[in-house]
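Some notes on the structure that comes next.
Quick note: the coordinates plus some simple rules give every number you see, no bench work behind them. Keep in mind the model is a prediction, meaning the values are calculated, not measured. All Cβ positions, even for glycine, are placed from backbone atoms using ideal geometry, and neighbour counts span all protein chains on display.
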Amino acid sequence: MKMKKLLLGFAIGMTLFLLWGVSISYAISGVCSSCHTMHNSQNNLGEVETYSGGTLTTGVTTPQNQLLKASCIACHVGTTGATNDHGAPIVLHITDPVTQGAGKTLAGGDFRWVATGLGVTDSKGHNVAGINSADVAIGTTPPGWDTAATPGALSDGSIAGGAASWGANQLTCAGMYGCHGSHAYTDADTAISGAHHGNTGGTSQQVSSAAIASSVGASYRFLGGIWGLENSNWNFGETASVHNEYYGVNVNSNYITKATISYSCAQCHGDFHKTTGTPSPWTRHPTDITLPSTGEYASYTTYSVEAPVARSTVPATSSSTVTPSLTTDDIVTCISCHRAHGSPEPDLLRWTYSGMVAGSGTSDTGCFTCHTTKNAS
């Protein structure tokens, strides 16, 4: 009888475990030891990985926070393709992808072009600590820094603590001096802690309201409070119809809406986001503003993965249709022109700016995706 009860209890326990597994199927899954170690000394020196100065090092003896086996960067380093051996999306390719975009890099581009030892400058990528340590010497306070832009939608602390200057604090992946995770913590691992397990939508999440984006794990790409639709393959192999969908608004002024993809950038580069014309003359290219339905802009009707737009309503599925409007619909954003992580172009641009020659060429690419009458076509 005791054996029958034991077996019954085991069966019930396994059923509950499986049901629990289904309930969190969108969160990170797999063998725990792929990411964590119970004891840092386990397997002698082969347990922990870090990345620094262009080198991925295995066998680090320094304990990592959250019992992790790798730092943020080391976990997301890989050779080719969208993901590495751990199944993590690659944001830093060891093998040169040569160019950016579909089939080469993920949506945010790549840190490859800013990594130490590649003979390039930090203008081709965000100078995240641990990727290019030499960048500390050129300054840490972001261009366009405005303390009024922070805190964000989750009110989880201010970037740089709201200080006028970042001092010697270099940009990190997450935390008080980073883009992802909670800004209440200076340590990147602590700032992102729980987000991977608490991801309510995995890699196909539609974040379309404050009620959904109520935590880091539930926000678009762990950007606290930001909305969007996450492509299942991080935009690797993106097409006009299969891609991320970003949230934008037609309000270019003083951080009124803190859920847009442009506001995510504005938290560090606020001055580039403020209203600078009503509507003309513009002293900076406008962002978080609708694509006009008149003149040259009206011809942008098919979604461009090279110069993407955001939507005033986050759709449940991605679309190839673009609808210029005087009031809402498709929105110009910071990432319409720039990559979040890095690109082979100066200023993290999505195309070769020096190749945009007015009155020349017939292809509506780059700047001419929106400004369709500026080339020779």
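Worth a mention:
- Rounded is the label for the range 227-377. Its Cα gyration tensor axes, ordered a ≥ b ≥ c, give a/c under 1.5.
- Karplus-derived HN-Hα couplings along the range 287-304 (A = 6.51, B = -1.76, C = 1.60, θ = phi - 60°), whole Hz, x at Gly and Pro: 9, 6, 9, 5, 6, x, 9, 10, x, 4, 6, 5, 7, 7, 10, 10, 3, 9
- Long-range HN-HN contacts of L92 with modeled amide H, under 5 Å: G78, F111
- Simple rule: put +1 on each Lys or Arg Cβ and -1 on each Asp or Glu Cβ in the range 243-377, find the dipole, and look at P308, C268, V249; the Cα lying farthest toward the positive end is C268.
- A cut-off of 5 Å between modelled amide H atoms, ignoring neighbours fewer than 5 places along the same chain, links W166 with T141.
- With 10 Å bins beginning at zero, the pair-distance distribution over Cα atoms of the range 190-254 amounts to 22, 46, 27, 5 %.
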